[in-house]
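K.L.:
Here it is, the structure, as structure tokens.
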Amino acid sequence: QVQVVGSGGGLVQPGGSLRLSCAASARIYTTYNMAWYRQAPEKQREWVATVTKSGTTSYTRAVQGRFSISRDIATNTNYLQMNNLQPEDTAVYYCRMYMGASEYWGRGTQVTVSS
């Protein structure tokens, strides 16, 4: 059974930082790409960042320079380091492992940025 588990959300003040984690089953970790998405209240889910199986990263413009996506192959875990968080970053964040038509989504984790 393949598992993808996202975690690490919470409440943080503007300007603060959080690190989200996404642990995946070993069976898919090294062959699938990984991305983070987020969905704010009453908005559509949007793509945030991707790290490919080869390590190439990309980000949506809104988070460039503030967020960093990385991989830890030793633990089958990907991370999204989020710095200088702003209220507009408030959303439920989801990780997704994908390769071609195959995909697995993790459970969402809430990130709230508020003073």
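K.L.:
Which of the residues that make up region 67-91 are more than 10 Å from the chain's Cα centre (by Cα) and either of a type in the set (A, V, I, L, M) or at pLDDT 95 or above (or both)?
P.N.:
The answer is ILE73, ALA74, ASN83, ASN84, LEU85, GLN86, PRO87, GLU88, ASP89, THR90, ALA91.
K.L.:
To continue, here is another question. Report whether or not THR57 is surrounded by 12 or more Cβ atoms within 10 Å (Cβ to Cβ) and polar (S, T, N, Q).
P.N.:
yes
K.L.:
Restricting to region 60-80, count the residues that are surrounded by fewer than 15 Cβ atoms within 10 Å (Cβ to Cβ) and in contact (Cβ under 8 Å) with a residue 40 or more places away in the chain.
P.N.:
Residues meeting the conditions: 2.
K.L.:
Against the condition under 18 Å from SER114 (Cβ atoms) and not acidic (Asp, Glu), how does LEU80 come out, does it pass?
P.N.:
Considered against the rule, which asks whether it is under 18 Å from SER114 (Cβ atoms) and not acidic (Asp, Glu), LEU80 comes out as no.
K.L.:
Can you name the residue in region 90-107 that is closer than 19 Å to LEU18 by Cα and touching a Lys or Arg at 6+ places or on another chain (Cβ under 8 Å) and, of all such residues, is surrounded by the fewest Cβ atoms within 10 Å (Cβ to Cβ)?
P.N.:
Out of the qualifying residues, it is VAL92.
The values are calculated or read from the model by the stated rules, or taken from the named source; none is laboratory data. Keep in mind the model is a prediction, meaning the values are calculated, not measured. Glycine also receives a Cβ, built like all others from the backbone with ideal geometry; neighbour counts cover every protein chain displayed.
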